[in-house]
Amino acid sequence: MQSAKAFALAGVATAALLYGDPAVAALPETAPATAPATAAVERPGPSAPLQLRAPAGARQVGAVRLAAADDAAIRSSDLPQALSDPAVADDRVAAIVAQLRNRAFDKALLMAQALEEERPGSALPLHLQALALWAKDRRAAAIERLESAHLIAPGDTGVAYDLARFYRAADRPEAALKLIQKVRAADPHAPRAKFEAALIHGSLGDNQTMARLLGEAVDADPEFASARLYLARLQMLQGAPDQALATVQAAPPAQSAQPEMLEALGQAQLRLNRPADAAATFDRLIAVAPEEPGAYLSAGQARLATGEAERAAALLSRARTLAPQSKAIAINLAEAQIRAGQGFQAGTTLADLQAAYPDDAEVVALSGRYAFAVDGDPAAAERAYQRALDLQPTEQLAVTLARIQLQDGRVAAAIRTLQDWVAQHPESRQARQAAGEIQLSHGDYAGAARTYGELVRLAPANAGYLNNHAWSLAATGALEEALITAEKAMAAAPDQPAILDTLGSVLLKLDRPAEAVTALRKAVALAPTRGDIRLTYAEALAAAGQSAAARDELRRIGANGLPQAMEQRRLSLADRLSMARP
């Protein structure tokens, strides 16, 4: 006789394990690429090298799935009561479950119908029929069978949970919530009930309640792997990878080596800009799931982030061998090949993509990336990115098109591209920030002041926006307003060297050298290798009458070096100090 545990598949997680949990579609495997932007506090220099971002949804193609993945986590109290009865849980049921797992749904349905004839009035055959019907996409009939099973056995939580899942997938979240509320009324602390309720609230767009219930489910049962994984993913989706990391790291040792948990851990590390840690995590994932293409995809993306392009290309090639039809894997592979200088291989991969997806925006954008990086043809790259933008208007494509135009020396065209996007999308931040960087780096301080002023309006507490707004205001001569803005930036991020540098520069221009020295001394202590900050500090010391200290700073700058554009300032200060009294 089989134990009840052996029949977990026919219990509450059946639909998820066999056919994929309906909630997966509503909860991406990683947070969107368009997470809320925060400006860097460094004043922008020349644009960074053009890079193709990993496409949104790449984790969903060939990746380790988060179905319920909780065979070990489901507690026996959550199993259907019928399967706990030795008189019911026999080899016939085991055979039906085996057919379901083997995706022989027609045969499973016939066997479950025969079981119903032998056991009239039992909920179990109806439950098994519902699972087979759902897999055959006969959703209405599946729900009807489960509703009948629920009427027969209203206390069977396994039936209730699967019925709630089916309601949710059939876009009937209110019915699902009503059903789960009855289960929770009978056992308010049941982790499984909290988990199911969380997924329903998530389908209704109530992520706050979803997060609370998932947290309660994890607290009630730390070994509940599905709840922990969903919570971590939700935290990633909400832009809190640090919380997601803590959630995954708190998993019991038995879970920490599970593929789904390693995937979640590595993604959190990537989002926290810890690519080396993520690469090591994904290496472990490959070790435990060597035939899973998503493991190699994740590992390749991590190696791209560490700058190991050749290693990334090798990993992604393996992923493509395992999943040759995956568009996301092919796109990431082509990017790795481009970065590794494997132009011929990248061209072959790109040609395959173009043949399969001739009008796909991501593929068209990739052709622009190839034209620019491999062929050295900015005009062709611009045409490709413009077509991609027409096919799928996204802010990232608009910014990339502007960078291509900028690197081709067409500054006005780049600004116009970004301003056109902003005109159509008034709440845009990424395009505005890109425009502000271009304006600052090309000396259009008035334009930069307007652009960063708009960004500050959209994000009043963003230290980076405030810092760049203060710098551009000071460059236009609006020193009092610049000081107020720099002080706001300081309040938001008091220990950022670039902000202290901006504040000190503004104070120096306002002829308040003693206060400038105080701010700049702290900036130098925080960033001792920044020659540009040391130069401003030396200028403040000289203005405050501390010539000897200013000469010492200039000597230190000589060891650290300066950008060429600042060398004239250093020479001018050295001349002035040479004429000053020791």
Fill in the blank from the handout: Among LEU146, LEU109, LEU126, the single one that is under 30 Å from GLY205 (Cα atoms), without any contact (Cβ under 8 Å) to a residue 40 or more places away in the chain and of a type in the set (A, V, I, L, M) is LEU146
Exercise for the section: Test ASP171 against the criterion of being assigned to a loop (DSSP other than H, G, I, E, B) and either open to solvent by 30 Å² or more (accessible area, probe 1.4 Å) or of a type in the set (A, V, I, L, M, F, W, C) (or both), and give yes or no. Expected result: yes
Exercise for the section: Taking LEU440 as the residue in question, decide whether it is out of contact with any His (no Cβ under 8 Å at 6 or more places or on another chain), within 15 Å of THR502 (Cβ to Cβ) and at pLDDT 95 or above. Expected result: no
Exercise for the section: Hey, can you tell me all the residues within the range 234-259 that are over 16 Å from ALA278 (Cα atoms), open to solvent by 10 Å² or more (accessible area, probe 1.4 Å) and within 12 Å of the chain's Cα centre (by Cα)? Expected result: GLN235, LEU237, GLN238, GLY239, ALA240
Practice task
Six or more apart or on different chains, Cβ under 7 Å: which pairs go from a residue in the range 507-520 that's under 20 Å from GLU481 (Cα atoms) to one that's part of a helix (DSSP H, G or I) and open to solvent by 40 Å² or more (accessible area, probe 1.4 Å)? Could you list them?
Solution key: LEU507/GLU515; LEU508/ALA543; PRO513/ALA543; ALA516/LEU508
Exercise for the section: Determine whether ALA164 is part of a helix (DSSP H, G or I) and within 25 Å of LEU285 (Cβ to Cβ). Expected result: no
Exercise for the section: Consider ALA336 carefully, then state whether it is more than 23 Å from ALA305 (Cα to Cα), buried (at least 16 other Cβ atoms within 10 Å of the Cβ) and under 27 Å from the mean Cα position of the chain (by Cα). Expected result: no
Exercise for the section: Can you run down the residue pairs with Cβ atoms below 7 Å, 6 or more apart or on separate chains, where the first is in the range 398-426 and within 11 Å of GLN386 (Cβ to Cβ) and the partner is charged (D, E, K, R)? Expected result: LEU401/GLU382; ILE404/GLU382; GLN405/GLU382
Practice task
Answer yes if at least one residue in the range 479-492 is over 17 Å from GLY453 (Cα atoms) and either basic (Lys, Arg) or in contact with a helix residue (DSSP H, G or I) (Cβ under 7 Å, 6 or more places away or on another chain) (or both), and no otherwise.
Solution key: no
Fill in the blank from the handout: Note on SER572: of the conditions (1) touching a helix residue (DSSP H, G or I) at 6+ places or on another chain (Cβ under 6 Å); (2) farther than 24 Å from ALA434 by Cβ; (3) open to solvent by less than 60 Å² (accessible area, probe 1.4 Å), unmet is (1)
Exercise for the section: Select, from GLN424, GLN392, GLN419, GLN439, the only residue that is over 28 Å from the mean Cα position of the chain (by Cα) and of a type in the set (S, T, N, Q). Expected result: GLN439
Completion exercise
Just one listed residue, out of LEU265, LEU270, LEU304, LEU231, is under 26 Å from PRO173 (Cβ atoms) and not charged (D, E, K, R), and it is LEU231
Handout entry: The one condition in (1) open to solvent by less than 20 Å² (accessible area, probe 1.4 Å); (2) part of a helix (DSSP H, G or I); (3) within 30 Å of LYS327 (Cα to Cα); (4) not charged (D, E, K, R) that ALA449 fails to fulfil
Key = (3)
Practice task
List the number of the failed condition for THR502; all other conditions in (1) open to solvent by 20 Å² or more (accessible area, probe 1.4 Å); (2) in contact (Cβ under 8 Å) with a residue 60 or more places away in the chain; (3) not acidic (Asp, Glu) hold.
Solution key: (1)
Practice task
Considering only the range 188-211, state which residues are free of Cβ contacts under 8 Å to residues at least 24 places away in the same chain and surrounded by fewer than 16 Cβ atoms within 10 Å (Cβ to Cβ).
Solution key: PRO188, GLY205, ASP206, GLN208, THR209
Completion exercise
Residues of the range 514-554 being among the charged types (D, E, K, R) and either farther than 15 Å from LEU571 by Cβ or in contact with a Lys or Arg (Cβ under 7 Å, 6 or more places away or on another chain) (or both), in sequence order, are GLU515, ARG521, LYS522, ARG530, ARG534, ASP552, GLU553
Handout entry: Hits in the range 533-547 - residues which are open to solvent by less than 20 Å² (accessible area, probe 1.4 Å) and of a type in the set (A, V, I, L, M)
Key = ILE533, LEU535, ALA538, ALA540, LEU541
Fill in the blank from the handout: Within the range 271-285, residues surrounded by 24 or more Cβ atoms within 10 Å (Cβ to Cβ) and either more than 15 Å from TYR296 (Cβ to Cβ) or among the β-branched types (Val, Ile, Thr) (or both) come out as THR281
Fill in the blank from the handout: For the range 351-393 the number of residues that are modelled with pLDDT under 95, open to solvent by less than 50 Å² (accessible area, probe 1.4 Å) and part of a loop (DSSP other than H, G, I, E, B) is 0
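The values are calculated or read from the model by the stated rules, or taken from the named source; none is laboratory data. Worth saying up front: this structure is predicted, and the values here are computed from it rather than measured. Don't worry about glycine lacking a Cβ; one is built from the backbone with ideal geometry, like all the others, and counts go over all protein chains shown. Side chains included, ligands, DNA and RNA excluded: accessible areas come from the protein's heavy atoms. Shrake-Rupley method; radii C 1.70, N 1.55, O 1.52, S 1.80 Å.
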